[in-house]
Every structure is written in C-alpha cells, then in structure tokens.
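Input: a single structure, listed below in structure tokens.
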Amino acid sequence: MVAGVLLLLYLGNIGVGYFQASRMPLRPLAPSQFTVFGFPAREMEERRWKILITHEVPKVVEQLREVGFERPELGAEDQQNFKRVPMDEVMRTLPVVLTEQHIEKVWVEERAAETLRAQGKFYVVHLRLTSEGRARLWRYAREQVARLRALGEKPRDERLLLTVGEQPWASPIISSEVASSWWLMSRFSMLQSSDVQIFPIYDEEIAHIIAQGFEEAKQKALAKASGGAR
C-alpha cells in the first residue's frame, strides 16, 4: 500500500514537471561564453554549410558552388571544395539552444572503448541541465529531429555545436530519443544523473577544456550578476 502511494506521488511529480516544462515560455537566446547552438540540417544544406571535424575539433565550412579544375596542392585535398565560415557569422546565424545559465553542472567521465581502436579509452562530457534547459533542448529536438519529412526525403543527422567563447569544441548528434515526451518526463527522475552526454571524445584535454570553459562561464555570469546588483 505504502509502495503504491509512493509510486503515485513519484509519477505525479514527474507529470507535473513535464507539464510545466512543456508549456514553459521560452524567449530567444543570445550567444554567451558557453553556448550550445543548434545546427538545423535542412537549413544548413540550403546554405551549403556543413561541419567538418579534424583532430576532434569541429569547424563550420561552406561548400563552394564553383570548384576549379586545378589540382590542389599537396595536403590541401580536404579543403579544396570548402571555405571556412567566420565564427561571428556562424554565431549570428545559428539558433542558440542552451547557454551556461541552463546548465547546473558539467563533468568528465572516462570509459573503456568498446570497439577495437588505437585508443583503449574515451571521454564523456556530461551536462546536467536546469528545468528550463531540458525544456529548451527537448523543444528544439521536437522541432528538428521529430519534424515530418517529405516523401523520399532521407533522414539527416541533426547536430549541435558547443562553443566556449568563439571556439567550437564539440558537435554532438541529437538522438531521436530526446525528441520524445518520455525523455523530458524521465529527466525529472532523481535516478537520472545527466541530461546530455557528449561522446566519444578521445582527446582528454578537449574534454577538460569543455568542463573548465563551463566553470569559467558560470563564474563570469555570477560576477556580472553580483556587480549589477550593487
């Protein structure tokens, strides 16, 4: 009997949290020191923008509409059909999904690699979001991942772009799970330790740069808030 009552209270608490988050008014955001941008695949294809990841560091490039026939110089093969998009243009164009104010905690976890690779381990960057952060990520995923496709239209990988300052450090793919109502409901369970997992990152330094960037962004935001309150 007691277990049943506790279960009902638990489910009721989750349901109330989901109801509030799904109807939360969300204003557009401006980029900050620690920013998670959306990278909507269909719109970016129309711009001919894509994300290239070299040495685990992402960069936004534009595919040139006209490509010369001359042979590229040695070592320039990967760049022959693309040009780098300036980060200020990227930040003006992409929608902001999250900033440091929507994240409670960031930490790094080391895991053993499950497949045969040169590296025997990789790193996971965990993000624990606020209630508003969960609502923002879920709503963006609902709009992008779960939206209807035209007949015959191929599914696209919907990516995010995580930046510290103006430097991109990760570009995770949004899984279809995030677009489900169950994902948002389950985030209100105390059994959930993190809401976002960015992996695999094989460069330990990059994983810790992301975590440190979040801590510094939080400190700057707190300092700014305390200074404005005086």
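Just a few scattered comments:
- Protection proxy ranking of 88-94, 158-164 - average other beta-carbon atoms within 10 Å, highest first: 158-164, 88-94
- Taking the fewest neighbouring Cβ atoms within 10 Å as the starting point, the ordered list for 142, 48, 27 is 27, 48, 142.
- 3J(HN,Hα) along region 129-140: 8, 6, 4, 5, x, 4, 5, 5, 5, 4, 5, 5 Hz, from the Karplus curve 6.51 cos²θ - 1.76 cosθ + 1.60 with θ = phi - 60°, whole Hz, x for Gly and Pro.
Each value in this text was obtained by applying a stated rule to the coordinates, not by laboratory testing. Predicted, not measured: the structure shown is a model, and the values here were computed from it. Note: ideal-geometry Cβ built from the backbone for every residue, glycine included; neighbour counts use all protein chains shown.
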